[in-house]
Amino acid sequence: MWPYSDSMRGSELGVDDIETAVDTGAVPRGDRIDELLDAAYQRALEHAEGAVADYIPILADADPEGFGICVADVDGGIHEVGDTRYAFSIQSISKAFVYALLCDAVGHEAVFEMVGVNNTGLAFNSVVAIELNDGHPMNPMVNAGALATTALMPGGTAEEKWDAVRTGLSRFAGRELHVDEEVYRSEAATNHRNRAIAQLLESYGRIQADPMDVVDVYTRQCALLVDAHDLAIMAATLADGGVNPVTGDQVVSADVCRDTLAVLAASGLYERSGEWLFEIGLPGKSGVAGGLVTVAPGKVGIGTYAPRLDSAGNSVRGQVATAYLSRALGLNIFASESHFSGRTPE
Ligand code: GLU
């Protein structure tokens, strides 16, 4: 679907020379974060490969050079560089937060049954994946699972479900989010594939609401405007046991954060999720308008914006900047040092 550059292989992320800090349970001091953020920005700026998404017509108008990175600490500190207040549509990143809201509303067992948590290994909008799995949507980060998730949101009508989505995502951001009507209309006029997916799910009894209503709510949710600063705060809320570190609002429970982050680790970066986890070692979620969120549990949320995408639909500069920060800030959840380092084993 994307005739763009191939995946960002580890060596292409260009971060192998960065001194890797190992998790010490705390991130460095604020001024050190600012220094590393500047370095991550400069490093990622060297990457001009990839291309802006155009399968939703209006997205093709994005300035390919737009680029911002924001880090939000779980204590509410904000560090930012570049175009962090430039608004763009949240797109697929909404899936992570709607999933969290649904788990919080109905409990993870019910969502697990209806939506699942396994990676499909196929494109986010694959119809084949549904057929291969007997109509099961597989996970909430692909469109089938995201549509099933939105369908299950509290509310008897499409309007009530939409209200639950918009209000919930706004609480994650700590401010009221609004739809970009132009993006919504552009996608609504061209989303034949998502309509087909919703109808296919209905044929398997996997959607308990009107499938076209569900597609409409989902399309609105994808058209909500955010900036990199919002994304960092939304991610920091998932890093902070569900409490928004700026507003103090408990948006979802700590258990829901844990479950959501596990799903993101497995499926957050489309069919490149394994490569992402291998290189960055953190749960994340990307969207086709160029946003990327990354969560370092108990530490920080990272939000980036850069609309040039790799062939799977992941922001190229976003990946490079996040890889840099993961290494330099010691965020990789899989990294450890010997328990004996610095002392003689007895
Ligand atoms: N609204 C987009 C779609 O459903 C979201 C895609 C994405 O960001 O991956 O096609």
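The values are calculated or read from the model by the stated rules, or taken from the named source; none is laboratory data. Predicted, not measured: the structure shown is a model, and the values here were computed from it. Backbone-built Cβ (ideal geometry, glycine too); neighbour counts: all protein chains shown. Accessible surface is based on the protein model in full, side chains and every heavy atom, while ligands, DNA and RNA are left aside. Shrake-Rupley method; radii C 1.70, N 1.55, O 1.52, S 1.80 Å.
Is it the case that Ala60 is open to solvent by 20 Å² or more (accessible area, probe 1.4 Å), in a helix (DSSP H, G or I) and more than 16 Å from the ligand (Cβ to nearest atom)?
So Ala60 fails the test.
Given the criterion modelled with pLDDT of 95 or more and either in contact with a helix residue (DSSP H, G or I) (Cβ under 7 Å, 6 or more places away or on another chain) or open to solvent by 30 Å² or more (accessible area, probe 1.4 Å) (or both), identify the matching residue among Ala110, Ala96, Ala21.
Step by step, each of Ala110, Ala96, Ala21 is checked, and only Ala96 is modelled with pLDDT of 95 or more and either in contact with a helix residue (DSSP H, G or I) (Cβ under 7 Å, 6 or more places away or on another chain) or open to solvent by 30 Å² or more (accessible area, probe 1.4 Å) (or both).
Any idea how many residues of segment 209-237 are touching a strand residue (DSSP E or B) at 6+ places or on another chain (Cβ under 9 Å), charged (D, E, K, R) and either without any contact (Cβ under 8 Å) to a residue 60 or more places away in the chain or open to solvent by 10 Å² or more (accessible area, probe 1.4 Å) (or both)?
Going through segment 209-237 one residue at a time, the tally reaches 2.
Given the conditions (1) under 21 Å from Thr84 (Cα atoms); (2) open to solvent by 10 Å² or more (accessible area, probe 1.4 Å), and given that Tyr184 satisfies all but one, which numbered condition is not satisfied?
(1)
Checking Arg317 against (1) within 16 Å of the ligand (Cβ to nearest atom); (2) assigned to a helix (DSSP H, G or I), which single condition isn't satisfied?
Answer for Arg317: the failing condition is (1).
Given the options Ala265, Ala306, name the one that is without any contact (Cβ under 8 Å) to a residue 24 or more places away in the chain, under 22 Å from Val142 (Cα atoms) and either open to solvent by 10 Å² or more (accessible area, probe 1.4 Å) or in contact with a helix residue (DSSP H, G or I) (Cβ under 8 Å, 6 or more places away or on another chain) (or both). Spell out how you get there, then give the answer.
Details: Ala306 fails: without any contact (Cβ under 8 Å) to a residue 24 or more places away in the chain.
Ala265 is the lone residue from the list that is without any contact (Cβ under 8 Å) to a residue 24 or more places away in the chain, under 22 Å from Val142 (Cα atoms) and either open to solvent by 10 Å² or more (accessible area, probe 1.4 Å) or in contact with a helix residue (DSSP H, G or I) (Cβ under 8 Å, 6 or more places away or on another chain) (or both).
So, Asp134, is that one modelled with pLDDT of 85 or more and open to solvent by 40 Å² or more (accessible area, probe 1.4 Å) or not?
Details: modelled with pLDDT of 85 or more: no; open to solvent by 40 Å² or more (accessible area, probe 1.4 Å): yes.
No; evaluated as a whole, the condition is false for this residue.
Just to check your reading of the model, which residue among Ser336, Ser311 is within 16 Å of the ligand (Cβ to nearest atom), surrounded by fewer than 20 Cβ atoms within 10 Å (Cβ to Cβ) and in contact (Cβ under 8 Å) with a residue 60 or more places away in the chain?
Ser311
Determine which single condition Ala323 fails, assuming it passes every other condition in (1) over 22 Å from Asp73 (Cβ atoms); (2) more than 16 Å from the ligand (Cβ to nearest atom); (3) aliphatic (A, V, I, L, M); (4) open to solvent by less than 10 Å² (accessible area, probe 1.4 Å).
Status for Ala323: all satisfied but (1).
Look at Ala209 and say whether it is over 24 Å from the mean Cα position of the chain (by Cα) and either within 16 Å of the ligand (Cβ to nearest atom) or over 21 Å from Pro154 (Cα atoms) (or both).
No: the conditions fail for Ala209.
I'd like to check something: does segment 288-304 contain any residue that is more than 13 Å from the ligand (Cβ to nearest atom), outside any helix (DSSP H, G or I), more than 22 Å from Asp17 (Cβ to Cβ) and of a type in the set (Val, Ile, Thr)?
Checking segment 288-304: at least one residue is more than 13 Å from the ligand (Cβ to nearest atom), outside any helix (DSSP H, G or I), more than 22 Å from Asp17 (Cβ to Cβ) and of a type in the set (Val, Ile, Thr).
Pick out the one residue from Ala173, Ala146 that is surrounded by 21 or more Cβ atoms within 10 Å (Cβ to Cβ) and away from the ligand (no atom under 16 Å from the Cβ).
Ala173
Just to check your reading of the model, which residue among Ala262, Ala236 is assigned to a helix (DSSP H, G or I) and farther than 19 Å from Leu325 by Cα?
Testing whether each residue is assigned to a helix (DSSP H, G or I) and farther than 19 Å from Leu325 by Cα leaves just Ala262.
For segment 319-336, give me the residue count where each residue is touching a Ser or Thr at 6+ places or on another chain (Cβ under 9 Å) and over 14 Å from Glu19 (Cα atoms).
Number of matching residues: 3.
Does Ala232 satisfy the condition of being touching a Pro at 6+ places or on another chain (Cβ under 6 Å), of a type in the set (Gly, Ala, Ser) and either within 23 Å of Pro28 (Cα to Cα) or within 16 Å of the ligand (Cβ to nearest atom) (or both)?
no
Taking the criterion of being under 23 Å from Gly291 (Cβ atoms), of a type in the set (D, E, K, R) and within 16 Å of the ligand (Cβ to nearest atom), would at least one residue in segment 93-111 satisfy it?
Yes: one or more hits.
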